[in-house]
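Structure record follows, encoded as structure tokens.
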Amino acid sequence: MIQGTSNIISLIEKENIIDLVSSNTIQGSSIDLRIGETAKIRVDTEPLILSENPDLESIFEEVDLKKGFRLKPNQYLYANTIEYVKIPNNMCALLLPRSTFARLGLLLPLSQYANPSYEGNLPIIIYNASQVEVEIPPYYRIMQMLLLRVDGEAKEYKKQIDAKYFKETNVPNPQLDKDYDLEKILKELNKQW
């Protein structure tokens with residue numbers, strides 16, 4: 001069940017689930033989340049071959065949104081929310097884009113998800129599908145978080161084998177080296193080759 005305003009306020013007051021910038025971000029059944037000051041963009045143009053353990057440090061560049069970075073057409077960036085969230089063990093979060101961005105040609109994934117017990121600044125991914133550059137200011141409300149109660153006992157994110165983004169506070173590069181599934185697949189492929 002999606003939590004309404006009164007339950008969201010209670011969760012904030014009693015369980016400290018989010019560091020709110022403003023109470024105005026609490027909507028009817030969601031909390032608006034804001035983009036932080038720092039983002040990363042991909043700067044290389046070479047194919048990314050995951051089976052070759054790519055050097056991800058060299059393909060991303062950090063940008064400062066406070067200085068007026070413009071996202072080019074067909075370019076994407078990823079950043080974090082300025083709000084630090086703590087999803088309760090009996091809940092999960094569905095993250096949806098605000099419709100304003102789609103109307104401008106800026107696409108966020110149709111939905112993102114945060115597991116029970118996830119804690120940290122949530123990732124934001126923005127793709128510019130428009131024909132023009134778009135300057136995205138920091139602190140702007142960019143997506144909304146819906147809290148859903150989980151029916152039954154949930155495995156906590158922090159206890160999962162691939163909880164590589166737990167307590168994330170910066171904008172890290174993708175953690176392919178900590179992806180146990182990819183490692184397992186590559187080992188199996190090497191046995192076949």
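Quick notes
- Label sites at residue 133 and residue 82, each approximated as a point 7 angstrom past Cα along Cα to Cβ, lie 2.4 nm apart.
- Computed E for residue 61/residue 190 - FRET, C-beta separation, R0 35 angstrom, nearest 0.05: 0.65
- With the convex hull drawn around the C-alpha atoms of region 1-86, the volume per residue stands at 172 Å³.
- Cβ-derived FRET efficiency at R0 22 Å, residue 22 paired with residue 74, nearest 0.05: 0.10
- Candidate cross-link partners of residue 158 among the aspartates and glutamates, defined by an alpha-carbon separation under 12 Å and a same-chain spacing of 8 or more, comprise 119, 168.
- Model label zone, residue 156; criterion: amide N under 13 Å from point 7 Å along Cα-to-beta-carbon; scope region 79-118: 87-91, 116-118
- FRET efficiency, residue 2 to residue 51 (Cβ-Cβ, R0 25 Å, nearest 0.05): 0.05
- Counting only Cβ charges, +1 for Lys and Arg and -1 for Asp and Glu, the dipole size of the chain around its Cα centre is about 480 debye.
- Relative pair counts by distance (%), Cα atoms of the chain, 5 Å bins: 1, 7, 14, 18, 18, 16, 12, 8, 4, 1, 0, 0
Taken together, the values in this text are just the output of simple stated rules run on the coordinates, not laboratory data. None of the values given here were measured: they were computed from a predicted structure. Every residue, glycine among them, receives a Cβ derived from its backbone with ideal geometry; neighbour counts consider all protein chains shown.
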